[in-house]
Amino acid sequence: MANLHVNIGNLSLKNPVMTASGTFGYGIEFADFINLEDLGGFIVKGTTLNPREGNDYPRMAETPAGMLNCVGLQNKGVDYFCENIYPELKDLDTNVIVNVSGSTPEDYAECAARIDALERISAIELNISCPNVKNGGMAFGVTPEGAATVVKAVRQAYNKTLIVKLSPNVTSIADIAKAVEAEGADSVSLINTLMGTAIDIERRCTKLSIGTGGLSGPCVKPVALRMVMQVAKAVNIPIVGLGGIMNATDAIEFLMAGATAIEIGTANFIDPAITVKVVNGINEWMDNHGVKDIHEIIGCVK
Amino acid sequence: MKKYALDLCVVEKEFPRDGYVLLKLNNPQGALPEMLAGQFVELLIAGSSETFLRRPISINYVDKEKGLLWLLIHVVGNGTKYMSELNVGDTINCVLPLGNGFSMPEGEGKKVLLVGGGVGTAPLLYYGKCLKEAGHTPSFLLGGRSAGDLMQLDLFEAIGNVYTTTEDATLGEKGFVTNHSILNKEQFDLIATCGPKPMMKAVAAWARTANCECEVSLENMMACGVGACLCCVEKDGEGHNVCVCKEGPVFNSKKLNW
Ligand SMILES: Cc1cc2nc3c(=O)[nH]c(=O)nc-3n(C[C@H](O)[C@H](O)[C@H](O)COP(=O)(O)OP(=O)(O)OC[C@H]3O[C@@H](n4cnc5c(N)ncnc54)[C@H](O)[C@@H]3O)c2cc1C
Ligand SMILES: Cc1cc2nc3c(=O)[nH]c(=O)nc-3n(C[C@H](O)[C@H](O)[C@H](O)COP(=O)(O)O)c2cc1C
Ligand code: FES
């Protein structure tokens, strides 16, 4: 059996397969289909300092080979997570990572600080790239200065592994990646969803309550893969790659493009056991190709 | 209840009327999992990028003796068309059972009225069967535009009294379900309804005036079906967004303030 172990900052992953925030609930929703401990880690729902109702229904529209969503970070707030969800997850033998969002740098920092206190949460993923909330979210993620401001505030409040999730809705994602690396981020994950929309021609209105949403699924994979390659050339910190991964082949492409680990998002809706199938598929591919250690393929395509 | 992802096999296929298909599926790997009336299944439409997400379909009936799950499908687009084109012997991947079912009243001999419109009558068949088995007395009030719209009437009649309305008076009383005379003649302990939203809201409003508990079954658009994505929400009575796939699809109408 090949060695699939990788590190992201101080985070030790038994294999490079994680799940994407907002597509995997709190993990518990998938426990009937897979053993959560078979994953390198999983990233739970976007969490904010205060509870958020999210946007109105309809929040999704199917598109060819993908979907648009405008959930808008509905969650019960960080304290609810700490008191009610954390106890259910803390004894799992895998990495549980919290995706943190906010509307001001202070919000982000305070939310991160409260999660820092949870012993078994070994990393956060900072979401500076949500296209579905008005102030904050993506607003920070679209300029190097905005991104740097949030990362700086959070870095002071948070000591463990800090992954910063980047938006693809920018001119140069490599410049943003460099800016967050300079502020002390341990890793970058990319991509969040691409902003898009869909129209109901009978009713002559958009299919989403706020008019736009974030595109995900296999239709975004080529864009995501290109961005991972570009960022891999620009920074020295490890990259977590995601966007449209549906199977082990897709995952291996991201690894070869320079990602040290990957996340699976929308594919969980199509096959709730896909994550473990991808772990097994990577393993099998490595065995068939005589690859003994996953690091042999990480970034092998320049 | 434990959820499964299973390749179920089409054993029988019927066309109860134009544009509808009834699939009877078994599990070639063994027994069907335990399922409750009102729960649903998410079906994978394989090999098409246009119908990328799974499609939710209610449990129409469970034939425990033969190990068959029935799904009654209205063909409205590519996903449901794919289901209608499955042949006997084909398999389809199903995630099931999902959501919460209709409630089973305590005790025995409770009078329950099940009100359905269109393909919304589908989950009421199995619910009626389960109520009867538990010693209750289900009655059905089924509505459609025309006589041909009402499906599975013989099966409903084998379970309880059936009252019908049609807009063109081709069967039963003329008009909508909420105008049916039975509502003024009899008292019920519980009402359950599934169908178009305006119909369910009217039924819930009637139940409120009659001081009767009412359960409604929603059909919001879904992505994951397991409570992970928060795409399928409905506003509850307090203005909070609740997941239809996980906390529903069956809700007490009071919870939604209907
Ligand atoms: C919990 C639940 C249970 C359901 N049970 C049944 C059932 O037993 N039998 C049945 O025939 N249908 C049922 N539906 C509706 C069914 O899921 C949709 O009709 C189906 O997904 C449409 O897929 P399609 O690819 O054929 O059509 P699409 O091309 O996706 O859509 C065609 C048309 O149908 C509309 N539509 C799509 N999804 C829904 C939806 N969820 N509700 C209402 N309209 C929709 C679209 O707006 C569009 O106008 C249920 C839905 C839910 C959420
Ligand atoms: C329904 C839904 C909700 C999401 N919620 C979040 C979120 O709360 N925080 C976040 O950083 N990303 C969120 N995302 C983005 C995903 O984590 C991921 O970046 C994106 O979907 C691309 O990956 P995929 O194509 O594998 O799904 C969400 C995506 C979807 C589809
Ligand atoms: S469909 Fe995903 S939460 Fe209901």
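Observations on the model:
- Only one of the numbered conditions (1) in contact with an Asp or Glu (Cβ under 8 Å, 6 or more places away or on another chain); (2) within 16 Å of ligand 3 (Cβ to nearest atom); (3) away from chain A (no Cβ under 14 Å) is violated by B:Phe40, and that is (1).
- Scanning region B:1-55 for residues that are among the charged types (D, E, K, R) and under 22 Å from A:Phe269 (Cβ atoms) gives B:Lys2, B:Lys3, B:Asp7, B:Glu42, B:Glu50, B:Arg54, B:Arg55.
- If the condition is being more than 14 Å from the chain's Cα centre (by Cα), away from every other protein chain (no Cβ under 14 Å) and either polar (S, T, N, Q) or surrounded by fewer than 18 Cβ atoms within 10 Å (Cβ to Cβ) (or both), then region B:51-74 contributes B:Asp63, B:Lys64, B:Glu65, B:Lys66, B:Gly67.
- Filter pass, B:Val88 being β-branched (Val, Ile, Thr) and in contact with a helix residue (DSSP H, G or I) (Cβ under 9 Å, 6 or more places away or on another chain): no
- Meets criteria (surrounded by fewer than 21 Cβ atoms within 10 Å (Cβ to Cβ) and assigned to a strand (DSSP E or B)) for B:Thr164: yes
- Checked against the criteria, B:Asp154 does not count as within 17 Å of B:Phe102 (Cβ to Cβ), charged (D, E, K, R) and modelled with pLDDT of 95 or more.
- Of all residue pairs spaced 6 or more apart or on separate chains, those with beta-carbon atoms under 8 Å, a first member in region B:206-229 that is more than 20 Å from B:Thr51 (Cα to Cα) and within 10 Å of another protein chain (Cβ to nearest Cβ) and a second member that is hydrophobic (A, V, I, L, M, F, W, C) and part of a strand (DSSP E or B) are B:Gly227/B:Cys243.
- Out of A:Asp32, A:Asp79, A:Asp38, sole residue that is facing chain B (nearest Cβ under 10 Å) and surrounded by fewer than 17 Cβ atoms within 10 Å (Cβ to Cβ): A:Asp32
- Within region B:207-216, not a single residue is among the polar types (S, T, N, Q) and under 21 Å from A:Ala61 (Cβ atoms).
- The condition (being touching a helix residue (DSSP H, G or I) at 6+ places or on another chain (Cβ under 7 Å) and open to solvent by 40 Å² or more (accessible area, probe 1.4 Å)) is satisfied by just one residue among A:Glu202, A:Glu183: A:Glu183.
- Selected residue (criterion: farthest from ligand 1 (Cβ to nearest atom)) from residues of region B:230-250 that are in a loop (DSSP other than H, G, I, E, B) and open to solvent by less than 10 Å² (accessible area, probe 1.4 Å): B:Cys231
The values are calculated or read from the model by the stated rules, or taken from the named source; none is laboratory data. If you're wondering where the values come from, they're calculated on a predicted model, not measured in any experiment. FYI the Cβ positions are ideal-geometry reconstructions off the backbone, even for glycines, and counts take in every protein chain you see. For the accessible areas, the whole protein counts, side chains as well, though only heavy atoms, and no ligand, DNA or RNA atoms are used. Shrake-Rupley method; radii C 1.70, N 1.55, O 1.52, S 1.80 Å.
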